[in-house]
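**Q** Can you read through this structure? Questions will come right after.
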Amino acid sequence: MSKSNFHLSKSKFLSGLQCKKRLWLSVHRPDLVKPASKKQEQIFQAGFEFEDIVMKRYPDSVKVDFTDLNKMVSITERLIKDGANNIFQAAFYYDNCYVISDLIRRVAENVWQLKEIKSSTSVKDVHIPDLAIQKYVLENNGLNIDDTFVIHINTDGIYPDLDSIVKIENTTLQVSAYSLGNNLQDFQDLISNNVEPLKSIGLHCDDPYECEFKDYCWKEVDKYSVFFIPHLKGQKKEKLYDSGVQRIQDVSPDYPLSENQRDYIDRILNEKIEIDVDGIKDKLSELQYPLYFFDFETTSIPIPIWNNVRPYQRIPFQWSCHVMDSNGDIKHFEYLHPKNSDPRRKLTEEMIKCIENEGSVIVYNATFERVELKKLADLFPDLSNKILSIENRIWDQLDIFKQHYKDYRFGNSNSIKVVLPVISPDLSYDDLELSSGGEADIYWFEMLNEEDEMKKEEIKNHLLKYCELDTKAMVIIHEHLKSL
Ligand code: SF4
């Protein structure tokens, strides 16, 4: 096989399988990589923590430290020669390709098992080529690979028994059946070439992973793109795009779309605002004072840290509530769990103190709050009547934007973050340090771990401001709807 100035690695090989342009850009244009978000960093960190838990199963193991790849390869070689039986992060090189294996386990003289550790909750299709490329490189280094496995998170496991969150699945048959084909050679030829390959955007940009070059490749994609037609299957969007129909104005009147999808195109192209005032008034007439505008923030971490919590179980740690009486007077209440302990009991007690036995509980996207409240009611039987009373009085503001209020400026979304700045241009989540609910729990853990009191206070304020804006937004939207 021809040598290239550029080496492949396991992750580059997998990038190439997802999209050749992604592989090429990763070698030639690393400057275009979108920096990892806090959420992605949290996922990487969880991967390391899970690996530490797995390592405890193999007390006689050794781990090759991350350093220069060639050095890792020679350390691995030496460990194998010296008789190590369980090696974490074992590194190998063959055919211009480096691989680092999460765990190799000697089961007989020169017979090894290959185990890949993933913080996913099941074996995914992408894990098979991942193991296949490792097996190829390891076998060409003279190791006989007996079986391959994926070690992943078991969502039936429960804290404090961390060993129970480890699940091992044998993938030997799938990996043996997987053919690398000419991909190694093709990918090496590709990265040796200085010309960026042509590749259209499509579903592969998010499958199996969100591509780090989306900002670059998708920069022309805006609300007029066929990719934004709501509820149109991904394959259909991709087919339209690949056939040259890239803008919604180019979609033929004969192309099969639902009435809602046609309405969407018409609304965007003609900048229409459609408000069904009677429908909105009917819906608003269901409300009973006092009105509680309520929102939870939750965390859902892969490695549980509190008793009786499972991996990825959603746990609320903060809420905000604006209370409006029949005169229109508003008071704000909030709860943010202050310490690193299970927040649910205290958070629930404070919520019950805030939300009394009468009045509508206004949320935005009721499914989420309903599920969380029912889980709290199951967890605390002594409080369940009060919790279920809150759940029974939930009223979903989002329904109005699904059924009675459409505005071309919302694009294909009716999330509160999109609706708020259209209705109240002075207010936007963009002005906040913390502007996405997905990152709220990261800030919360930062706050809990911060030792500097001033910094702790600063992070706490970001969290409080963010959650408060969620319920303040609902109040502003409510007042706007009432004024129609
Ligand atoms: S954004 Fe899509 S087309 Fe561009 S490199 Fe990534 S996967 Fe390929």
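The values are calculated or read from the model by the stated rules, or taken from the named source; none is laboratory data. These numbers come from a predicted model, not from an experiment. Here the Cβ positions follow ideal geometry from the backbone for every residue, glycine too, while neighbour counts run over all protein chains shown. Note: areas computed on protein heavy atoms with side chains; ligands, DNA, RNA excluded. Shrake-Rupley method; radii C 1.70, N 1.55, O 1.52, S 1.80 Å.
**Q** Over the range 253-373, consider all pairs of different Cα atoms and compute the Kirkwood hydrodynamic radius from their mean reciprocal separation; express it in Å, one decimal.
**A** Averaging 1/r across every pair of different Cα atoms and inverting gives 17.9 Å.
**Q** Please report, as a whole percent, how much of the solvent-accessible surface of the chain comes from carbon and sulfur atoms (probe radius 1.4 Å).
**A** On the way: 11400 of 24110 Å².
In the chain, the share of accessible area belonging to carbon and sulfur is 47 percent.
**Q** Also: Taking the Cα centre as origin and putting +1 on Lys and Arg beta-carbons and -1 on Asp and Glu beta-carbons, what dipole magnitude results for the range 416-484, to the nearest 20 debye?
**A** Here the range 416-484 has a charge dipole of around 500 debye.
**Q** Considering only DSSP beta bridges whose two residues both sit in the chain, what percent are antiparallel, to the nearest 5?
**A** Of all bridge pairs located within the chain, approximately 70 percent are antiparallel.
**Q** Based solely on its DSSP helices, what 222 nm [θ] is calculated for the chain when runs of n ≥ 4 H residues each add -39,500 (n - 2.57) and the sum is averaged over all residues, nearest 500 deg cm²/dmol?
**A** Values: 18 runs with 198 residues, N = 484.
Mean residue ellipticity, 222 nm, calculated: -12500 deg cm²/dmol.
**Q** So, one more: Taking the solvent-accessible surface of protein heavy atoms with a 1.4 Å probe, what is the per residue accessible area of the chain in Å²?
**A** On the way: 24110 Å² over 484 residues.
Heavy-atom SASA per residue in the chain reads 50 Å².
**Q** Got a sec? Charge dipole of the chain, +1 on Cβ for Lys and Arg, -1 for Asp and Glu; which of Cys205, Leu162, Leu432 is way out at the positive end?
**A** Projecting each Cα onto the dipole axis, the largest value belongs to Cys205.
**Q** From the cross-link list Lys353/Lys386; Lys124/Lys167; Lys34/Lys115; Lys199/Lys237; Lys386/Lys465; Lys223/Lys406, which pairs have alpha carbons spaced over 20 Å apart?
**A** From Lys353/Lys386; Lys124/Lys167; Lys34/Lys115; Lys199/Lys237; Lys386/Lys465; Lys223/Lys406, over 20 Å: Lys34/Lys115; Lys386/Lys465.
**Q** Report the longest stretch of the chain that contains none of the GluC sites (Glu not before Pro) sitting in a DSSP loop with at most 16 other Cβ atoms within 10 Å.
**A** The longest such stretch corresponds to 1-108.
**Q** Let me ask something else. So which trypsin sites (Lys or Arg not before Pro) in the range 163-219 are both in a DSSP loop and have at most 11 other Cβ atoms within 10 Å of their Cβ?
**A** Taking the range 163-219 and a limit of 11 other Cβ atoms within 10 Å, the loop trypsin sites (Lys or Arg not before Pro) found are Lys219.
**Q** Note the full-extension length gain between Ser341 and Asp95 as 0.36 nm times their separation in residues minus their Cα-Cα distance, in nm to one decimal.
**A** Here the segment from Ser341 to Asp95 would lengthen by 83.5 nm.
**Q** Let me make sure I get this right: for the range 381-478, a, b and c are the square roots of the gyration tensor eigenvalues over alpha carbons, sorted descending. Under 1.5 in a/c it's rounded, otherwise prolate if a/b > b/c, else oblate. Which is it?
**A** Here the range 381-478 falls in the oblate category.
**Q** Rounded to the nearest 20 debye, what is the charge dipole size of the chain about its Cα centre when +1 sits on each Lys and Arg Cβ and -1 on each Asp and Glu Cβ?
**A** Roughly 1060 debye for the chain.
**Q** Compute the Cα gyration tensor for the range 221-270, then decide on rounded, prolate or oblate, letting a ≥ b ≥ c be the square roots of its eigenvalues: rounded whenever a/c is under 1.5, prolate when a/b is larger than b/c in the other cases, and oblate in all that remain.
**A** Verdict is rounded for the range 221-270.
**Q** Going through the range 271-378, which trypsin sites (Lys or Arg not before Pro) have at most 10 other Cβ atoms within 10 Å and a DSSP loop state?
**A** Counting only loop positions with at most 10 other Cβ atoms within 10 Å, the trypsin sites (Lys or Arg not before Pro) in the range 271-378 are Lys339.
**Q** Magnitude of the Cβ-charge dipole of the range 352-484, K/R +1 and D/E -1, about the Cα centre, nearest 20 debye?
**A** 760 debye
**Q** Here is a follow-up. Rule-of-thumb check for the chain: C-alpha Rg over 2.2 N^0.38 Å?
**A** With N residues counted in the chain, Rg over 2.2 N^0.38 Å equals 1.16.
**Q** So what's the net charge close to Ile229: Lys and Arg +1, Asp and Glu -1, counting the other residues with Cβ under 14 Å from its Cβ?
**A** With Lys, Arg at +1 and Asp, Glu at -1, the neighbours total +2.
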